Amino acid sequence: MPDTVFDDYLDLVEAARELSIHPQSLRRLIKQKRIPATMFAGKYLIERDKLEIFKSSYDPRPGRKPIRRLL
């Protein structure tokens, strides 16, 4: 089976599963422009490499995050 251009993308449900969050939470992050996504045929598509970059710094726990201090 030949590789397609879509092999580099995840749909909303797959990406949410990858981040261990609800698809609606991911939709909210996309609307807040915190994660880039492309709308194609009525579905959000997220690039795998962009998702990995986002995932490396994302904390899925709700609420305010503690501020890290140097001292």
Within region 18-33, track down each residue that is assigned to a helix (DSSP H, G or I) and among the charged types (D, E, K, R). Glu18, Arg27, Arg28, Lys31
What is the residue count in region 32-58 for residues that are out of contact with any Lys or Arg (no Cβ under 6 Å at 6 or more places or on another chain) and over 12 Å from Leu12 (Cβ atoms)? 15
Could you grab me the full set of residues in region 1-37 that are surrounded by 11 or more Cβ atoms within 10 Å (Cβ to Cβ) and among the hydroxyl-bearing types (Ser, Thr, Tyr)? Tyr9, Ser25
Among residues of region 43-71 being open to solvent by 50 Å² or more (accessible area, probe 1.4 Å) and among the β-branched types (Val, Ile, Thr), the residue modelled with the highest pLDDT is Ile53
Please work out which residue is nearest to Ser20 (Cα to Cα), limiting yourself to region 41-59 and to residues that are part of a strand (DSSP E or B) and under 9 Å from the mean Cα position of the chain (by Cα). Ile46
Can you tell me which residue is modelled with the lowest pLDDT among those in region 1-42 that are of a type in the set (Gly, Ala, Ser) and within 19 Å of Ile53 (Cβ to Cβ)? Ser20
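The values are calculated or read from the model by the stated rules, or taken from the named source; none is laboratory data. Since we're looking at a predicted model, the values are computed, not measured. Neighbour counts run over all protein chains shown; Cβ positions are idealised from the backbone, glycine included. Ligands, DNA and RNA are excluded from the accessible area calculation, which covers all protein heavy atoms including side chains. Shrake-Rupley method; radii C 1.70, N 1.55, O 1.52, S 1.80 Å.
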